[in-house]
Amino acid sequence: MSIVRMFPADWLTDVIVLRGGGRDPRGNPLPTEEIPVSDCLIGPRATSEGEQFMVTSTDMALYRDPDPEFSFRSSDRIRIPEGQRMAGEWAVDGRPLEYPLGVHVPIRSV
């Protein structure tokens with residue numbers, strides 16, 4: 001069973017997961033691995049409102065159907081390509097949650 005695929009196809013987006021980087025034991029930079037991940041849904045997670053009921057900050061979440069071949073990590077960054085909703089680079093904000101019907105990944109703007 002899948003939940004995300006129940007949404008219209010034009011709501012789904014492909015993202016690139018940026019993983020790794022850091023430094024080797026000598027302090028040299030390590031390459032960042034770019035992992036394409038398809039059929040993701042990006043939506044709001046929480047908002048906070050200022051004095052005039054204007055949204056002052058928004059946290060988002062990435063939702064995806066379960067995939068036994070891939071798991072998100074709390075150290076991942078997510079790149080949403082230009083032309084897609086919520087395009088830009090995001091950082092995983094907390095622990096990705098895996099449920100039998102899907103994955104919930106809290107993200108915040110970098």
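Read-outs throughout are calculated quantities, based only on the coordinates presented, and are distinct from any laboratory measurement. Remember, predicted model here, so these are calculated numbers, not experimental data. Cβ coordinates were reconstructed from backbone atoms using ideal geometry, including for glycine residues, and neighbour counts include every protein chain displayed.
With N denoting the number of residues in the chain, provide Rg(C-alpha) divided by 2.2 N^0.38 Å, to two decimal places.
For the chain, the normalised Cα radius of gyration is 1.17.
Roughly how many debye, to the nearest 20, is the charge dipole of the chain about its Cα centre, given +1 on each Lys and Arg Cβ, -1 on each Asp and Glu Cβ, and no other charges?
Rounded to the nearest 20 debye, it is 300 debye.
Give me Rg/Rg_expected for the stretch 2-48, where Rg uses Cα atoms only and Rg_expected = 2.2 N^0.38 Å with N residues.
1.72
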